[in-house]
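A quick write-up on the structure given underneath.
The values are calculated or read from the model by the stated rules, or taken from the named source; none is laboratory data. Computed from a predicted model, the values in this text were never measured in an experiment. Here the Cβ is made from the backbone with ideal geometry for all residues, glycine too, and neighbour counts use every protein chain on show. The protein model used for the area step is the full one, side chains on, heavy atoms only, and it has no ligands, DNA or RNA in it. Shrake-Rupley method; radii C 1.70, N 1.55, O 1.52, S 1.80 Å.
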Amino acid sequence: MYTVEVIGDALLAVAGCPKRIETEDHASRALKAAFELIDVTRELSEKIMIPVNIRVGLHSGSVVAGVVGVKDPRYHLFGEAVKVAEMMESTGEQDKVQCSHKTFNNLHEKNDEISVKMRNSLIFSRRVDMPVKAQTKLSGLDYGDCTYFVKQTTSTAKLNLRRLT
């Protein structure tokens, strides 16, 4: 996972960029990282006794990337895939992972080792209460008009909490 930018309290990360990963398990890697981040924020919240919640949105697709700026150059991603991922996050619910229909299909079609192993521990529930504005945008982009909340049946918190505190 590569952190592209932080805007306010939002973090945009990407799997498979800027260094291309030769495997096709980008969605599985992003989903695994999302679950680990949720687990770690729960642990952190308990440790510091202050509520810490996150929303995670996942989408699969092509992007255009490049370095923007002269004085303060930074790596930036552009494209519909970025907009849809941001929409998945902004319309999501706290401590849940919401994925687009395209990512849902991607996770079910891939047969690499990580995807198959993860698929056996995932529960997908179709979201039925998606805000109308977001639903309209998604169907207009030809990404399907439904999204899914993804849960895992077992915890995968393997990140070291000491790194965060």
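Tabulated results
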{"quantity": "Å² per residue, accessible surface of the stretch 89-131 at 1.4 Å", "calculated": "58"}
{"quantity": "Length released on extending from residue 86 to residue 17, taking residue separation times 0.36 nm less the Cα-Cα span", "calculated": "23.2 nm"}
{"quantity": "Per residue convex hull volume, Cα atoms of the stretch 12-108, in Å³", "calculated": "126"}
{"quantity": "Label-point gap, in nm, between residue 116 and residue 129 - each point 7 angstrom along Cα→Cβ", "calculated": "3.8"}
{"quantity": "Restraint check, 47/96; 83/110; 32/71; 83/117, Cα-Cα greater than 31 Å", "calculated": "32/71"}
